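J.: Handing you a structure now.
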Amino acid sequence: MINPFQALLDSALKPSQFPSTSRYYGVTTSAHRTSQGKEVVCLLRRFVPSSEQVTVVQEHQVTAGERLDHLSAQYLGDPEQYWRLCDANDTIRPDELVEHPGRVVNIALPNGMTGVPGA
């Protein structure tokens, strides 16, 4: 859920085309003009943090039939935050995290936030 007060603060301090919960929040854009004069806005590269940079607070062992959006809702409170689980587990393809029962998925704090593992 997006906190309306935080969204207002974010837009006033740091304009972004994406909400603060988006993986693209804070990513710089670039505008290019085509030969026909149309402006095309593109995202510049998003650097994915290494899993070594996040604080793992819990582990989850995958069972058959689990879905990543359900894990994200369960542990992060928002099914659209599944990308944080991908970042914490160095995974580009989201389904990879839940396709094999028994796999351990790291649940981590957002990049830049520190805490006590397992607390």
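J.: Give me the pairs: first residue in the stretch 21-49 and under 30 Å from Ala73 (Cα atoms) and outside the structural domain of Asn89 (by TED's automatic domain parsing), second residue in a loop (DSSP other than H, G, I, E, B) and at pLDDT 85 or above, beta-carbon distance under 7 Å, and six or more apart or on different chains, which are they?
T.: Taking only residues 6 or more apart or on different chains, the pairs are Thr21/Asp78.
J.: Right, something else. When residues of the stretch 70-83 are filtered for being surrounded by fewer than 16 Cβ atoms within 10 Å (Cβ to Cβ) and assigned to a helix (DSSP H, G or I), how many remain?
T.: Number satisfying all stated conditions: 5.
J.: Here is a list of conditions, (1) in a helix (DSSP H, G or I); (2) more than 23 Å from Asn106 (Cβ to Cβ), and Gly37 meets all of them except one; can you say which number that is?
T.: Unmet condition: (1).
J.: Please identify the pairs in which a residue from the stretch 86-112 that is within 13 Å of Glu59 (Cα to Cα) and surrounded by fewer than 12 Cβ atoms within 10 Å (Cβ to Cβ) has its Cβ atom under 8 Å from the Cβ atom of a residue that is hydrophobic (A, V, I, L, M, F, W, C) and at pLDDT 90 or above, counting only partners at least 6 apart or on another chain.
T.: Gly102/Val62; Val104/Val62
J.: Restricting to the stretch 48-106, name every residue that is among the aliphatic types (A, V, I, L, M) and either touching a Phe, Trp or Tyr at 6+ places or on another chain (Cβ under 8 Å) or within 23 Å of Phe18 (Cα to Cα) (or both).
T.: Across the stretch 48-106, the qualifying residues are Val48, Val54, Leu68, Leu71, Ala73, Leu76, Leu85, Ala88, Ile92.
J.: Right, next: For the stretch 97-106, which residues satisfy the criterion of being in contact with a Leu (Cβ under 9 Å, 6 or more places away or on another chain) and either closer than 19 Å to Gly65 by Cβ or of a type in the set (Phe, Trp, Tyr) (or both)?
T.: Those that are in contact with a Leu (Cβ under 9 Å, 6 or more places away or on another chain) and either closer than 19 Å to Gly65 by Cβ or of a type in the set (Phe, Trp, Tyr) (or both): Leu97, Val98, Arg103, Val105.
The values are calculated or read from the model by the stated rules, or taken from the named source; none is laboratory data. Everything numeric in this text was worked out from a predicted model, so none of it was measured. With ideal geometry, Cβ positions are generated from the backbone for all residues, glycine too; neighbour counts draw on all protein chains shown.
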